[in-house]
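Note sheet for the following structure.
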Amino acid sequence: MIDLYYWPTPNGHKITLFVEEAGLPYTIKPVNIGKGDQFDPAFLEIAPNNRMPAIVDHQPVGGGTPIALFESGAILLYLAEKTDRFIAGDLHGRAEVLQWLFWQMGGLGPMAGQTHHFNVYAPEKIPYAIDRYVRETARLYGVMDRRLADRPFLAGDAYSIADMASYPWIVQHERQDQDLNDFPNLKRWYGAIAERPATRRAYALAETVNPNAKPMSEEEKKILFGQGAR
């Protein structure tokens, strides 16, 4: 039913978390971002921003032509509405889910991603950049920790697409120079999601899709980080 264009990155894991939780039938279409698969013209027809994940839903609700989507947050929202799962049905509950989904898309993901870049991939270690993004990532962890002080999940009592969006970025906490012991509520949330069977299945896919994962080569870094307007 769904073609999932995927590589095992935090944004890619968001979608495998959903399809495994919902039991949706899907086919993995690997997009090896280190080799430049994201620039293939056929993929660009689906994802013009040359980023994965992306999906093609061959059986949209109500029938009709297939629907192609890029951007992980848009995909999560689409799938939640398609299945009527992992998003609240009432107005207030839906608003809670959406604001935390957008918070992840606009804050946690981009800031943690910059932390990864300057901590791990940058050819030159720039102390100001590292400190700037590590501190901002810590601030965002603190926002989550306070939010989770009196509820099991980000949007309340129920696991939702807001949690699926955020969890894969917390998996990378060591790369971000963050100690989960400093954030006890976040650590509890993280552990609960890690133990879900669907989470284990989703992360097991990484070994299937990229079984010989290695540190990124200089050539792969040029492909990933060297793009300009053209």
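Name the single residue that is modelled with the lowest pLDDT among those in the stretch 127-179 being basic (K, R) and within 28 Å of E20 (Cα to Cα).
Among them, the one singled out is R175.
Could you pull out every one of the strands (runs of 3 or more DSSP E) wholly within the stretch 1-88 that has 3 or more residues that are of a type in the set (A, V, I, L, M) and closer than 21 Å to A165 by Cβ? Walk me through it before giving the result.
Details: elements: 2-6, 26-30, 54-57, 67-70.
Once the strands (runs of 3 or more DSSP E) in the stretch 1-88 are filtered for at least 3 residues that are of a type in the set (A, V, I, L, M) and closer than 21 Å to A165 by Cβ, what remains is 54-57, 67-70.
A112: over 23 Å from Q172 (Cα atoms) and part of a helix (DSSP H, G or I), yes or no? Steps first, please.
Working: over 23 Å from Q172 (Cα atoms): no; part of a helix (DSSP H, G or I): yes.
When the stated conditions are applied, A112 does not pass them.
Residues T65, T27, T16: which one is touching a residue at least 24 places away in the same chain (Cβ under 8 Å) and surrounded by fewer than 14 Cβ atoms within 10 Å (Cβ to Cβ)?
Details: T65 fails: touching a residue at least 24 places away in the same chain (Cβ under 8 Å); T16 fails: surrounded by fewer than 14 Cβ atoms within 10 Å (Cβ to Cβ).
Just one listed residue meets the conditions, T27.
Pairs only if they're at least six apart or on different chains, beta carbon under 9 angstrom, first in the stretch 197-222 and within 17 Å of E21 (Cβ to Cβ), second among the small types (G, A, S) and in a loop (DSSP other than H, G, I, E, B); list them, first residue then second.
A198/G23; A206/A213
Would you tally the residues in the stretch 96-112 being crowded, with 22+ Cβ neighbours inside 10 Å and closer than 21 Å to R151 by Cβ? Steps first, please.
Narrowing the stretch 96-112 to residues crowded, with 22+ Cβ neighbours inside 10 Å: 97, 100-101, 104, 108, 112.
Right, trim to closer than 21 Å to R151 by Cβ and you get 97, 100-101, 104, 108.
The number of residues fulfilling the criteria is 5.
May I ask you to verify whether V120 is in contact with a Lys or Arg (Cβ under 9 Å, 6 or more places away or on another chain), under 12 Å from D177 (Cα atoms) and either aliphatic (A, V, I, L, M) or in contact (Cβ under 8 Å) with a residue 60 or more places away in the chain (or both)?
Values: in contact with a Lys or Arg (Cβ under 9 Å, 6 or more places away or on another chain): yes; under 12 Å from D177 (Cα atoms): yes; either aliphatic (A, V, I, L, M) or in contact (Cβ under 8 Å) with a residue 60 or more places away in the chain (or both): yes.
So V120 passes the test.
Every residue, every condition in (1) surrounded by fewer than 16 Cβ atoms within 10 Å (Cβ to Cβ); (2) among the small types (G, A, S); (3) closer than 30 Å to K214 by Cβ, yes or no:
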{"site": "L77", "(1), (2), (3)": "no, no, no"}
{"site": "T83", "(1), (2), (3)": "no, no, no"}
{"site": "Q114", "(1), (2), (3)": "no, no, yes"}
{"site": "A155", "(1), (2), (3)": "no, yes, no"}
{"site": "A162", "(1), (2), (3)": "no, yes, no"}
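Just for helices (runs of 4 or more DSSP H) wholly inside the stretch 162-230: which have at least 2 residues that are over 19 Å from the mean Cα position of the chain (by Cα)? Write out each step before concluding.
Numbers: elements: 184-194, 197-209, 218-225.
Result: 184-194, 218-225.
Quick check on the stretch 209-229: of everything there that is out of contact with any Asp or Glu (no Cβ under 9 Å at 6 or more places or on another chain) and under 18 Å from P168 (Cα atoms), which residue is surrounded by the most Cβ atoms within 10 Å (Cβ to Cβ)? Explain how you work it out, then say what you get.
Looking only at the stretch 209-229, we keep the residues that are out of contact with any Asp or Glu (no Cβ under 9 Å at 6 or more places or on another chain), and these are 209-212, 214-229.
Adding the requirement that they be under 18 Å from P168 (Cα atoms) leaves 209-210.
Values: V209: 17, N210: 15.
Taking the candidates together, the pick is V209.
Counting only residues that are closer than 15 Å to T27 by Cα and either in the same structural domain as F102 (by TED's automatic domain parsing) or not aliphatic (A, V, I, L, M) (or both), how many does the stretch 44-77 have?
Counting residues in the stretch 44-77 that are closer than 15 Å to T27 by Cα and either in the same structural domain as F102 (by TED's automatic domain parsing) or not aliphatic (A, V, I, L, M) (or both) gives 5.
Failed condition for A138, given (1) crowded, with 17+ Cβ neighbours inside 10 Å; (2) outside any helix (DSSP H, G or I), with all others met?
Here A138 clears every test but (2).
The values are calculated or read from the model by the stated rules, or taken from the named source; none is laboratory data. Predicted model only: the values in this text are computed from it and were never measured. Virtual Cβ from ideal backbone geometry, glycine too; neighbours counted across all protein chains shown.
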